[in-house]
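The values are calculated or read from the model by the stated rules, or taken from the named source; none is laboratory data. Keep in mind the model is a prediction, meaning the values are calculated, not measured. All Cβ positions, glycine included, derive from the backbone under ideal geometry; neighbour counts span all protein chains shown. What goes into the accessible areas is simple: the full protein's heavy atoms, side chains included, and nothing from ligands, DNA or RNA. Shrake-Rupley method; radii C 1.70, N 1.55, O 1.52, S 1.80 Å.
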Amino acid sequence: MLLNCDLGESFGVWEMGLDSEVMPHIDMANIACGFHGGDPSVLANTLELAKLHNVTIGAHPSYPDLQGFGRRSLNMSRQELIHCVHYQIAAVEGMAKVAGVTLSYVKPHGALYNDMMRDEHVLLTLIEAISLYPSNLKLMILATAQAEHHKSLAKQFGVTLIMEAFADRLYTDEGLLTPRSEAGAVHNEEKLIEQVQHLARHCAVITAGGKTLQLPAQTLCVHGDNQAAIAQIKQIRAILTDES
């Protein structure tokens, strides 16, 4: 299972994450496009880091919500959202070309990601946006019990999906991520390691209600916000290597 991480989210003098320390340990970098975090210099530096460590590059678009870090849902029309996503993808792809690397996929951020998984109209709009973009890009979404249905939707538009799971998030019984506003939504280190082990051994997680949920995940999302998180990523890599 490949490791992916949200990176390039610093903005001006505000620093977010330990990108240079995370990059050597991951396979895929979801790079902010400037609408929830990131700026031109941060984007350029993050792309160079990914190039140095041979990490696959993905665009990480969000709702236009820099003040809210992209964690607030916005009511956008279908066409507005398509244009918003195209604008952000183009920024990363253009800068990637300057750096001599290739953009491979798109992973929505924050509220846009959650809305995509809760509202099929939003998901279809994002799939359509990817299909209309001139480069051949994949779309990363949450692996759920509806994975085959989601793949069939994407296939109608000629889009390939990448299914992901989360190492540090509590799942609802329906297979969605528990909102961050709820207690226990983000696992402590012990529960995080337990979830990774369960995913590695059984391709499943234990939900908030104690159910076993099978997840056909190809990649695992990790976070590198501090030194403890970097140590966890190393542990996660070791677990996945041992179970492979």
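Observations on the model:
- Residue ID - least open to solvent (accessible area, probe 1.4 Å), chosen from residues in the stretch 16-27 that are part of a helix (DSSP H, G or I) and over 26 Å from THR160 (Cβ atoms): ASP19
- Residues located in the stretch 209-244, provided they are within 15 Å of ARG169 (Cβ to Cβ) and open to solvent by 70 Å² or more (accessible area, probe 1.4 Å): ASP225
- Residue in the stretch 134-145 that is among the basic types (Lys, Arg), in contact with a helix residue (DSSP H, G or I) (Cβ under 9 Å, 6 or more places away or on another chain) and surrounded by fewer than 21 Cβ atoms within 10 Å (Cβ to Cβ) present: yes
Residue-by-condition table, conditions (1) part of a helix (DSSP H, G or I); (2) modelled with pLDDT under 95; (3) over 23 Å from LEU18 (Cβ atoms):
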position: ALA59; (1), (2), (3): no, no, no
position: PRO64; (1), (2), (3): no, no, yes
position: GLN67; (1), (2), (3): no, yes, yes
position: ARG72; (1), (2), (3): no, no, yes
position: GLN79; (1), (2), (3): yes, no, yes
position: CYS84; (1), (2), (3): yes, no, yes
position: VAL101; (1), (2), (3): no, no, no
position: LEU112; (1), (2), (3): yes, no, yes
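- Set side by side, the residues ASN30, ASN4 differ, and just one is under 14 Å from GLY110 (Cα atoms) and crowded, with 18+ Cβ neighbours inside 10 Å, which is ASN30.
- Filtered residues of the stretch 134-172 (kept if part of a loop (DSSP other than H, G, I, E, B) and touching a residue at least 40 places away in the same chain (Cβ under 8 Å)): SER135, LEU137, ALA143, THR144, ALA145, ALA167, ASP168
- Odd one out for SER152, checked against (1) small (Gly, Ala, Ser); (2) modelled with pLDDT of 95 or more; (3) crowded, with 16+ Cβ neighbours inside 10 Å: (3)
- Leading residue by the ranking (surrounded by the most Cβ atoms within 10 Å (Cβ to Cβ)) among those in the stretch 121-133 that are over 18 Å from the mean Cα position of the chain (by Cα) and part of a helix (DSSP H, G or I): GLU128
- Meets criteria (under 16 Å from PRO134 (Cα atoms) and either free of Cβ contacts under 8 Å to residues at least 12 places away in the same chain or open to solvent by less than 10 Å² (accessible area, probe 1.4 Å) (or both)) for ILE57: no
- Enumeration of residues in the stretch 12-33 that are closer than 18 Å to ASN226 by Cβ and more than 14 Å from the chain's Cα centre (by Cα): TRP14, GLU15, MET16, GLY17, LEU18, ASP19, SER20, GLU21, VAL22, MET23, PRO24, HIS25
- Here the stretch 33-54 is the region considered, the condition is being among the small types (Gly, Ala, Ser) and open to solvent by less than 20 Å² (accessible area, probe 1.4 Å), and the residue that is nearest to ARG72 (Cα to Cα) is GLY37.
- Only one entry of MET28, MET16, MET23, MET116 meets the criterion of being in contact with a strand residue (DSSP E or B) (Cβ under 9 Å, 6 or more places away or on another chain) and modelled with pLDDT under 95, and that entry is MET16.
- Total residues in the stretch 210-241, condition of a type in the set (A, V, I, L, M) and over 26 Å from ILE141 (Cβ atoms): 4
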